[in-house]
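One structure is given here, and the rest of the page talks about it.
The values are calculated or read from the model by the stated rules, or taken from the named source; none is laboratory data. As the structure is a computational prediction, the values presented were derived from the model and not from experiment. No Cβ is skipped: glycine too gets one built from the backbone with ideal geometry, and neighbour counts run over all protein chains shown. Quick note on the areas: whole protein, heavy atoms, side chains included, nothing else; ligands and nucleic acids left out. Shrake-Rupley method; radii C 1.70, N 1.55, O 1.52, S 1.80 Å.
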Protein chains: 2
Amino acid sequence: MIFKAEIDIMPLEAILDPQGKAVTQSMGNLGLNEITNVRIGKHITLKVDAADEATAKNKVDEACKNLLCNMIMESYTFILTKA
Amino acid sequence: MIFKAEIDIMPLEAILDPQGKAVTQSMGNLGLNEITNVRIGKHITLKVDAADEATAKNKVDEACKNLLCNMIMESYTFILTKA
């Protein structure tokens, strides 16, 4: 069965996000002062071929921990749907 | 009222995503051959201060179109929740 995973990887709350800070400041320059607290991470979609949802979940966890996410500075969440 | 926006910005389907292609290949090298079609975009969270949800939606649309998203190569979706 093919599952689609939608993964969000964000810098940990405790860690300064300089890219987000720069964008927050730019919002002010564009006249969008109402927008604050911008934080920027990655959104990754992928397909995973697995017998069932539990196996697919394990594969995606493995991919996140070993390749996609730097667990020291980032955290990840994902949702799986049948493709 | 403060709303929280969760924005996903992805390269358009028609556009080659070289970063995603490289990661797809690396999945194979890690023994995760079941994972394919990796596409990598941005996940952005921000807070927006607005009188109601419709106003907040307009502000986020404006921010996406004018700053966050390159509409030629990317598309965006977002959800708003009360913070």
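Return P(r) of region B:2-82 (all Cα-Cα pairs; 5 Å bins starting at 0; whole %; ordered from short to long distances).
3, 15, 21, 16, 14, 11, 10, 7, 3, 1, 0
Would you kindly work out, in nm and rounded to one decimal, the distances from the label point of B:Leu12 to those of the same position in each other copy, ordered shortest first, with label points 7 Å along Cα-to-Cβ?
Result for B:Leu12, in nm, nearest copy first: 3.9.
Taking only DSSP H segments of four or more residues, each worth -39500 (n - 2.57), what value at 222 nm results for the protein assembly as shown once the sum is divided by all its residues, to the nearest 500 deg cm²/dmol? Please list the in-between numbers first.
Working: 4 runs with 46 residues, N = 166.
Computed ellipticity for the protein assembly as shown at 222 nm equals -8500 deg cm²/dmol.
Can you list the equivalent-ellipsoid semi-axes of the protein assembly as shown, largest first and in whole Å, using the square root of 5 times each Cα gyration tensor eigenvalue?
Values: eigenvalues 189, 50, 46 Å².
For the protein assembly as shown, the ellipsoid semi-axes come out as 31, 16, 15 Å.
Note down the magnitude of the dipole of region A:2-82 about its Cα centre, charges +1 on Lys and Arg C-beta and -1 on Asp and Glu C-beta and zero elsewhere, to the nearest 20 debye. Walk me through the numbers before you get to the answer.
On the way: 9 positive and 11 negative charges, 32 e Å.
Computed about the Cα centre, the dipole is about 160 debye.
Please list, in order along region B:54-68, the HN-Hα scalar couplings obtained from phi with the Karplus expression 6.51 cos²θ - 1.76 cosθ + 1.60 (θ = phi - 60°), rounded to whole Hz, x for Gly and Pro.
Those phi angles translate into 5, 5, 4, 4, 4, 4, 5, 4, 4, 4, 5, 5, 8, 9, 7 Hz.
Karplus couplings for region A:3-15 from phi (6.51 cos²θ - 1.76 cosθ + 1.60, θ = phi - 60°), rounded to Hz, Gly and Pro as x?
Residue by residue, region A:3-15 yields 10, 10, 10, 10, 10, 10, 10, 10, x, 4, 3, 6, 9 Hz.
Where the label is 7 Å out from Cα toward Cβ, how close does B:Lys65 come to the same position in every other copy, in nm, shortest first?
4.5
Cross-link partners among lysines for A:Lys57, C-alpha distance below 29 Å, same-chain residues fewer than 8 apart left out?
A:Lys4, A:Lys42, A:Lys47, A:Lys65, A:Lys82, B:Lys4, B:Lys21, B:Lys42
Could you grab the relative contact order for chain B? Cα pairs under 8 Å, six or more apart, rounded to a whole percent. Walk me through the numbers on the way to the answer.
Working: 119 pairs, mean separation 43.2, N = 83.
Relative contact order of chain B: 52 percent.
Efficiency by 1/(1 + (r/R0)^6): what FRET value for A:Asn33 and B:Glu53, r their Cβ-Cβ distance, R0 = 22 Å, to the nearest 0.05? Show your work: numbers first, answer last.
Details: r = 19 Å, r/R0 = 0.85.
Plugging the Cβ-Cβ distance into 1/(1 + (r/R0)^6) gives 0.70.
For A:Leu80, B:Leu16, A:Leu30, give the ranking by accessible area with the largest first, probe 1.4 Å.
Result, largest first: B:Leu16, A:Leu30, A:Leu80.
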